[in-house]
Amino acid sequence: MTHRDVVPARGVFHHRDFRFYLLSRLCAVLAVQIESVAIGWQVYERTDSALALGYTGLAQFIPFVGLCLFGGQVADRVDRRAILAVCQTVMLLCSLLLLAFTLGHVSDIRFVYGVLVLFGAARAFHAPAGSALTPHLVPPEHLTRAVAINSTTWQVATIGGPAVGGILYGWAGATGAYAASATLCALSVVWILMLKVRTGRASAEPLSLSTLVAGLGFVRRQRLLLGSITLDLFAVLFGGAVALLPIYARDILHAGPWGLGLLRCAPAAGAAAVAVFLALRPMGGNSGRKMFIAVAIFGAATLVFGMSRSLPLSLLALAVAGAADMISVVVRHTLELMATPDDMRGRVGSVNMMCIGASNELGEFRAGGLAEFAGAVPAVVAGAVGTLAVVAIWAWAFPELRDVDRLESFAKKQPATPAG
């Protein structure tokens, strides 16, 4: 690798729109994380039901998956900046509705599920537009760094958000948490509106059923994308334990809302450390093998967390799981952006986000449903074992993914995309 191949991480910040996009993303993710802690504790406090916690994931999953392909279509035909501004405004409305729910002392928890349905619908359009916008904010040679820095920003917010949410909930209740979330959502809208980039219409294909499902067809034909996306889908679907953290915080580890905040931010702390490292130094060779090893470590760390009765050990296990997951995120997202032409990025991004939504929200419902009948600990342990089985099967089924070497070399083989 020559000196010119190595792009300093600080060089990415020279691009004005990328800086504003990061600020908007930081505020938006902080808002969502603070809100998630408040929702989880509030729902479990009012219902004492693991299944009720699972329904919070299902309420987001159904509209997200149902609309995500349409979101990809829109992202390839409408200015992506405008899509983000509208979606973040809807997320602001969701925070205000939850605040009104709390201030009005509404006892019916179905109101929360209704707000989460609206939030899931907004995410279905926000996620593919945000993913497809990144290549327009930096030149192609900065894209790998931008992906890692973008992930770092997400992780920093995911570290700070739950901790702040737990403190706010303990100090000012759900009212304080939802008010802070609404304020951050408003700031996120402001930063997005300050972007100068206009992506315009990336695809000139007429709207049809074939263009709607074109992203699915593209991913199916690209074995690297198919393997990396589905590996994450099933690994997190089985191994995700986020929905059960309120149960662990209150009933197993005997911590309060602050303990829930710590548990929620621990995976992000581990992930942020890895993301910063990857932003400063490329992953190097054998990226595919490192991805499989990382997902296996994610499963093993989740197994340790499931059996732990110690708060420090639980935090360490979750941090290791988050660190391992970040390696998978960077490999998968870089492959997605580099292997996909610009006129398809919205639709391919929607497929990826649809799978992420299935793994996260549907995984929460799986965990909550299993925990309702078998208990929280068996639900987490069984899921972790499932994740390890998925790694073994995918390593055998997708040898080309296992053999991916340097991401930087892979990127150079793809057509260059203008920065916009």
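The values are calculated or read from the model by the stated rules, or taken from the named source; none is laboratory data. Bear in mind that the values here come from a model prediction, so they are computed numbers and not experimental data. As a convention, Cβ positions derive from the backbone with ideal geometry for all residues, glycine included, and neighbour counts pool all protein chains shown. To get the accessible areas, we keep the full protein, side chains included, count just its heavy atoms, and leave off ligands, DNA and RNA. Shrake-Rupley method; radii C 1.70, N 1.55, O 1.52, S 1.80 Å.
Residues to consider are VAL276, VAL236; find the one that is in a helix (DSSP H, G or I) and either farther than 28 Å from ALA379 by Cβ or modelled with pLDDT under 80 (or both).
Matching residue, one of VAL276, VAL236: VAL276.
Kindly indicate whether LEU118 is open to solvent by 40 Å² or more (accessible area, probe 1.4 Å), touching a residue at least 12 places away in the same chain (Cβ under 8 Å) and more than 21 Å from the chain's Cα centre (by Cα).
No; evaluated as a whole, the condition is false for this residue.
Quick check on this structure: which one of SER36, SER24 is open to solvent by 20 Å² or more (accessible area, probe 1.4 Å), in a helix (DSSP H, G or I), of a type in the set (Gly, Ala, Ser) and under 23 Å from VAL156 (Cα atoms)?
Testing whether each residue is open to solvent by 20 Å² or more (accessible area, probe 1.4 Å), in a helix (DSSP H, G or I), of a type in the set (Gly, Ala, Ser) and under 23 Å from VAL156 (Cα atoms) leaves just SER36.
Just checking, which of THR152, THR134 is open to solvent by less than 10 Å² (accessible area, probe 1.4 Å) and either in a loop (DSSP other than H, G, I, E, B) or not charged (D, E, K, R) (or both)?
The unique qualifying residue is THR134.
For the condition open to solvent by less than 20 Å² (accessible area, probe 1.4 Å) and over 25 Å from GLY215 (Cβ atoms), what is the one hit in GLY299, GLY288?
The match here is GLY299.
Contact list please: Cβ distance under 8 Å, first residue in region 95-113 and closer than 19 Å to GLY40 by Cβ, second residue at pLDDT below 95 and charged (D, E, K, R), pairs at least six apart or on different chains.
Close Cβ pairs (under 8 Å, with a partner that is at pLDDT below 95 and charged (D, E, K, R)) amount to SER95/GLU35; LEU98/GLU35; SER107/ARG46; ILE109/ARG46.
Name the single residue that is modelled with the lowest pLDDT among those in region 340-399 being among the charged types (D, E, K, R), open to solvent by 20 Å² or more (accessible area, probe 1.4 Å) and under 18 Å from LEU244 (Cα atoms).
My answer is GLU364.
If I filter region 70-89 for residues that are open to solvent by less than 50 Å² (accessible area, probe 1.4 Å), without any contact (Cβ under 8 Å) to a residue 24 or more places away in the chain, farther than 28 Å from LEU244 by Cβ and in a helix (DSSP H, G or I), do I get at least one hit?
Scanning region 70-89 turns up at least one residue that is open to solvent by less than 50 Å² (accessible area, probe 1.4 Å), without any contact (Cβ under 8 Å) to a residue 24 or more places away in the chain, farther than 28 Å from LEU244 by Cβ and in a helix (DSSP H, G or I).
Answer yes or no: is there a residue in region 311-327 that is without any contact (Cβ under 8 Å) to a residue 60 or more places away in the chain and either more than 20 Å from ALA273 (Cα to Cα) or touching an Asp or Glu at 6+ places or on another chain (Cβ under 7 Å) (or both).
Within region 311-327, one or more residues are without any contact (Cβ under 8 Å) to a residue 60 or more places away in the chain and either more than 20 Å from ALA273 (Cα to Cα) or touching an Asp or Glu at 6+ places or on another chain (Cβ under 7 Å) (or both).
Looking only at region 220-231, which residues are open to solvent by 10 Å² or more (accessible area, probe 1.4 Å) and either at pLDDT 85 or above or of a type in the set (A, V, I, L, M) (or both)?
Residues satisfying the conditions are LEU224, LEU226, THR230.
Scan region 102-115 for residues that are part of a helix (DSSP H, G or I) and either among the aromatic types (Phe, Trp, Tyr) or surrounded by fewer than 18 Cβ atoms within 10 Å (Cβ to Cβ) (or both) and jot them down.
Across region 102-115, the qualifying residues are LEU103, ARG110, PHE111, TYR113, GLY114.
Among (1) farther than 30 Å from ASP76 by Cα; (2) in contact with a Lys or Arg (Cβ under 9 Å, 6 or more places away or on another chain); (3) crowded, with 20+ Cβ neighbours inside 10 Å, where does SER314 come up short?
Failed condition: (2).
What are the residues in region 245-264 that are buried (at least 24 other Cβ atoms within 10 Å of the Cβ) and modelled with pLDDT under 90, if any?
Listed by number, the residues that qualify are PRO257, LEU260, GLY261, ARG264.
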